[in-house]
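Heads up: the structure comes next, in C-alpha cells.
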DNA sequence: CTGAAAGCGCTAACAC
DNA sequence: GTGTTAGCGCTTTCAG
C-alpha cells in the first residue's frame, strides 16, 4: 500500500559484502576475522569490498551467534568520587583501544551487589568480563562467575581464584607511618574506614596493620583510641579529625587512609586555626588530583593504571579463553603480565607541605 | 566421543519457559512484555514459570530480533574529572533504574568524535540513545544521527533539533559578576576556556557575554586583557591567575568559569602569599565537591541532575519512538518534562569565604 | 580453500 | 487469544 514507514536505516550486512566480493558469507566471515584457510587474494578482495561498503559486523548478531559479547563491565560502588571514576577512566581507555564496549554499573548497596554477582542476572549474556572495584568477592560468588564463564579481575579487593590489581596496603600503612615517625612523631592518629562495613572491604584493616607494624618497629606503642573511622570521605575525615582533637592528649600527626579524608582533616584544622604541619602533620593516600592543590603529603597510587591493568588482564583472559575453545587446550592459568601489574601497583611517597616535625620535639 | 567440553552454562531460554508453561514461545514473549491479547490466566502462569526458571531474555537475541538495544551511550570528553564523572553517575542511576544498559565512551579527540558521530560506527546497532556531554553537535551530525534512528540529548552543549540540558550560561556569567560588583569590585578578571577550541565548545563564550553584560549594566568598562584562558583545569587556572597577577594593574577579583580553575587560582595566590579575599576575591562555577573544602564561593549547578535528566529524556524518547512504531502515530515531538529540566538546570549563588570587598575600595 | 546450511534466542507478522 | 513461521545478521560445522 503506502510507502513503508521510513525504517531505521541499517548499514551493510555481511551478505552485501559477500555478494559484492563474489564469495559466500562464510568466507567473508573468515576473511574478516583473520581465520586461516582463506586465500590471501580472496581475503584482500573481501577486505577491500568491506571497507568500500563500510561494513561493520552487527554486535548483536555476533554475540548471538558466537556467544561472545566483546563487552567488559566495570562495577564500582559509585561513579562519582575521584578514585572510582579514575579507575573507570583507565579501564575505558584500554577497552576502547581493544575494541571492547564498556558497560558501567554502580553497585552501591548490598542488594545491587547480590543482583549482579549471584542471582541470575544473565550477566554472562551481557558481558565477557568483569572488573570489580573495591569489593571482595566471596568464594560462592566467584564460583558462580566461573560457572557462567565470566572472566573477573578485581581492583583493590580480591576474589578467590581470580587475579587482582591492588597495592600492598600493609606497605602503604607502613610507608606513611614511617614517614611520620621519621619526622619525629610519636603519637600518630589514623583516619580509617567504617566501623561496620557491609561490603567487607579489607583495605583499611591492612593499612592499619602496616601502620601498627611501623609503630612497633620504631619501639612506639599503638594506642587504639588514636584510630578512628573516617568513611573514606571528606566529611568523615573532618569528623574523625575533630574526634582526635577532642582527645585528652591528641596526636601530633595523622595518617589518613585516603586523600579525601585528609582533605576533611585539613578543613577541620583550618577551621580551628591550627597550623599544618606545625600543630598537626597530615598524610594521605592516593595522590588525588587535589592533593597538589592543597600541598598534601601523600602515598601515591597509580589509580588510572590500576583500572587499565585490570581491563587488560580481563581482555587477555577473554581472548585466551576464546582461543582455547578452538584449540582445545584448556588452561586455567591466564598469562598475566606481572611486570605491568607491578608497575601499576607501585606506590610512592610524595612529600609536600602538610607534614613536618612536631612542634614540641622540634626543640 | 568424549564429553563435550564444559560449555559456558547458559540460562533458560524462552523456549524452556514455553514448554513448561504449555504455550508457544510467541505467547511467552507477549505475556512477559505485557502486550495485550494474552489471557490473564495465561499471563500469570507464564510469569510464574518464568521466574521459577529464572528466565531472563537474552539481550543479544532481543536486540537482533527487535532492533532495539535497550542501551544508552554516554559520550564524554574524558571520564576523569569531577564534572564528567558526576554527569555519568547521574545518567547511570537513571538508566539502571529503567533497565537500560549504559555504555560509556570517551571522545577526547576530534578523531574520536568523528568516529562516533559521522563515520559509520554502527553506533545505531549498539545503542538506542546517546547522551553527549559538552560537545556541540553539528547540523550534519545531527542529521546523521536522526537518520540512523538514534535518540540524542546533549548536556552543556547543543544539537540542532535535539533536546539539551544546560544552564543559562549567560546568566551564570552575570550572576557571578554581579556578586563581585556588589562587593565593590570594579576590575574583574575572568578565567575562561581555550583560545582555540577544536571541539567548538561555546559555554565560555556565553559566560563571558554574561559577565560583560553585568559589567556594562553597572556602568563598568570591560577590559579584554582581563579575560584569559584557563582551559577549565586546575593548572590552567593557576597559570591564568599568574598571568593576571603579572598585569600592570591586576584585577581585585576573578571570576573563574569553573571551580577547578578557581582552585588553581587559589593555589597561585597562596604561593604568592596573597590573601583571599583580602587581596583577591575568587568565585567559581560548579560547586565541585571540593569547593566546600576550600570554602570557595561559587555558582552551583546541579551536575548529577543534568546527567539524570538527560538520560531520562533519552529513555522517554526511545520508549515513545517504540510505541509510535506500533501505533503508527509518528510524532517528532518528544514529551519533555520541562519542569524537571528547569529544576535540573537551576543555578544558585553559594557564597562562602573566597569573596569579599576589595581592600582599597573598602576604605 | 570455499560454500551450504543449521542454528544462536528472540520478535513480529500472519493465520487460526 | 494463541500458535506457526519467518527472519534479525552472524558463526560454525560439515561437505566438497
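So residue B:83 clears everything in (1) surrounded by 19 or more Cβ atoms within 10 Å (Cβ to Cβ); (2) at the interface with another protein chain (Cβ under 10 Å from one of its Cβ atoms) except one condition, right? Which one?
Every condition holds for residue B:83 apart from (2).
With respect to residue B:35, determine if the residue is within 12 Å of DNA strand D (Cβ to nearest atom), part of a helix (DSSP H, G or I) and either modelled with pLDDT under 95 or touching a helix residue (DSSP H, G or I) at 6+ places or on another chain (Cβ under 7 Å) (or both).
For residue B:35, the condition - within 12 Å of DNA strand D (Cβ to nearest atom), part of a helix (DSSP H, G or I) and either modelled with pLDDT under 95 or touching a helix residue (DSSP H, G or I) at 6+ places or on another chain (Cβ under 7 Å) (or both) - is not met.
Among A:23, A:17, which is the only one that is in a helix (DSSP H, G or I), more than 11 Å from chain B (Cβ to nearest Cβ) and at pLDDT 90 or above? Full working, then the answer.
On the way: A:23 fails: in a helix (DSSP H, G or I).
Just a single option satisfies the conditions, and that option is A:17.
Does the range B:70-79 contain at least one residue that is more than 18 Å from residue A:63 (Cβ to Cβ), more than 16 Å from DNA strand D (Cβ to nearest atom) and free of Cβ contacts under 8 Å to residues at least 40 places away in the same chain?
Taking every residue of the range B:70-79 in turn, at least one turns out to be more than 18 Å from residue A:63 (Cβ to Cβ), more than 16 Å from DNA strand D (Cβ to nearest atom) and free of Cβ contacts under 8 Å to residues at least 40 places away in the same chain.
Checking residue B:88 against (1) more than 7 Å from chain A (Cβ to nearest Cβ); (2) surrounded by 20 or more Cβ atoms within 10 Å (Cβ to Cβ); (3) touching a strand residue (DSSP E or B) at 6+ places or on another chain (Cβ under 8 Å): exactly one of these is not met. Which one?
Going through (1) more than 7 Å from chain A (Cβ to nearest Cβ); (2) surrounded by 20 or more Cβ atoms within 10 Å (Cβ to Cβ); (3) touching a strand residue (DSSP E or B) at 6+ places or on another chain (Cβ under 8 Å) one by one, residue B:88 breaks only (1).
Looking at the range A:42-156, what helices (runs of 4 or more DSSP H) fall wholly within it and have at least 3 residues that are within 16 Å of DNA strand C (Cβ to nearest atom)?
Details: elements: A:59-66, A:82-97, A:110-117, A:123-126, A:139-147.
Filter on the range A:42-156 gives A:59-66, A:123-126.
Against the condition without any contact (Cβ under 8 Å) to a residue 60 or more places away in the chain, within 29 Å of residue A:90 (Cα to Cα) and outside the structural domain of residue B:134 (by TED's automatic domain parsing), how does residue B:111 come out, does it pass? Walk me through it before giving the result.
Values: without any contact (Cβ under 8 Å) to a residue 60 or more places away in the chain: yes; within 29 Å of residue A:90 (Cα to Cα): yes; outside the structural domain of residue B:134 (by TED's automatic domain parsing): no.
Criteria not met by residue B:111.
Answer yes if at least one residue in the range A:140-148 is buried (at least 23 other Cβ atoms within 10 Å of the Cβ) and farther than 29 Å from residue A:349 by Cα, and no otherwise.
The answer is yes; a qualifying residue exists.
Within the range A:113-139, how many residues turn out to be more than 11 Å from chain B (Cβ to nearest Cβ) and touching a strand residue (DSSP E or B) at 6+ places or on another chain (Cβ under 6 Å)?
Adding up the residues that qualify gives 6.
Could you check residue B:241 against (1) within 14 Å of chain A (Cβ to nearest Cβ); (2) farther than 24 Å from residue B:106 by Cα; (3) not in a helix (DSSP H, G or I) and say which number it fails?
Failing condition for residue B:241: (3).
Given the structure, is residue A:49 surrounded by fewer than 22 Cβ atoms within 10 Å (Cβ to Cβ), more than 14 Å from chain B (Cβ to nearest Cβ) and within 29 Å of the chain's Cα centre (by Cα)?
no
Check B:159, B:205 and return the single one that is surrounded by fewer than 23 Cβ atoms within 10 Å (Cβ to Cβ), out of contact with any strand residue (DSSP E or B) (no Cβ under 7 Å at 6 or more places or on another chain) and free of Cβ contacts under 8 Å to residues at least 40 places away in the same chain.
B:205
Kindly evaluate residue B:63 against the criterion of being at the interface with another protein chain (Cβ under 8 Å from one of its Cβ atoms) and either out of contact with any helix residue (DSSP H, G or I) (no Cβ under 9 Å at 6 or more places or on another chain) or more than 30 Å from residue A:304 (Cβ to Cβ) (or both).
Spelling it out, residue B:63 is indeed at the interface with another protein chain (Cβ under 8 Å from one of its Cβ atoms) and either out of contact with any helix residue (DSSP H, G or I) (no Cβ under 9 Å at 6 or more places or on another chain) or more than 30 Å from residue A:304 (Cβ to Cβ) (or both).
Which is near DNA strand D (Cβ under 8 Å from one of its atoms), at pLDDT 90 or above and farther than 17 Å from residue B:125 by Cβ, of A:30, A:45?
A:30
Of the residues in the range A:215-266, how many are closer than 19 Å to residue A:291 by Cβ and surrounded by fewer than 20 Cβ atoms within 10 Å (Cβ to Cβ)?
Start the filter on the range A:215-266 by keeping residues that are closer than 19 Å to residue A:291 by Cβ, which leaves A:230-238, A:240-241, A:253-266.
Next cut, surrounded by fewer than 20 Cβ atoms within 10 Å (Cβ to Cβ) only: A:233, A:235.
Residues in the range A:215-266 being closer than 19 Å to residue A:291 by Cβ and surrounded by fewer than 20 Cβ atoms within 10 Å (Cβ to Cβ): 2 in total.
Given the criteria in contact with a strand residue (DSSP E or B) (Cβ under 9 Å, 6 or more places away or on another chain), surrounded by fewer than 24 Cβ atoms within 10 Å (Cβ to Cβ), away from chain B (no Cβ under 13 Å) and touching a residue at least 12 places away in the same chain (Cβ under 8 Å), does residue A:269 qualify?
Spelling it out, it is not the case that residue A:269 is in contact with a strand residue (DSSP E or B) (Cβ under 9 Å, 6 or more places away or on another chain), surrounded by fewer than 24 Cβ atoms within 10 Å (Cβ to Cβ), away from chain B (no Cβ under 13 Å) and touching a residue at least 12 places away in the same chain (Cβ under 8 Å).
Looking at (1) in contact (Cβ under 8 Å) with a residue 24 or more places away in the chain; (2) away from chain A (no Cβ under 13 Å); (3) more than 16 Å from DNA strand C (Cβ to nearest atom), can you tell me which one residue B:32 breaks?
Here residue B:32 clears every test but (3).
The values are calculated or read from the model by the stated rules, or taken from the named source; none is laboratory data. Predicted, not measured: the structure shown is a model, and the values here were computed from it. Cβ coordinates were reconstructed from backbone atoms using ideal geometry, including for glycine residues, and neighbour counts include every protein chain displayed.
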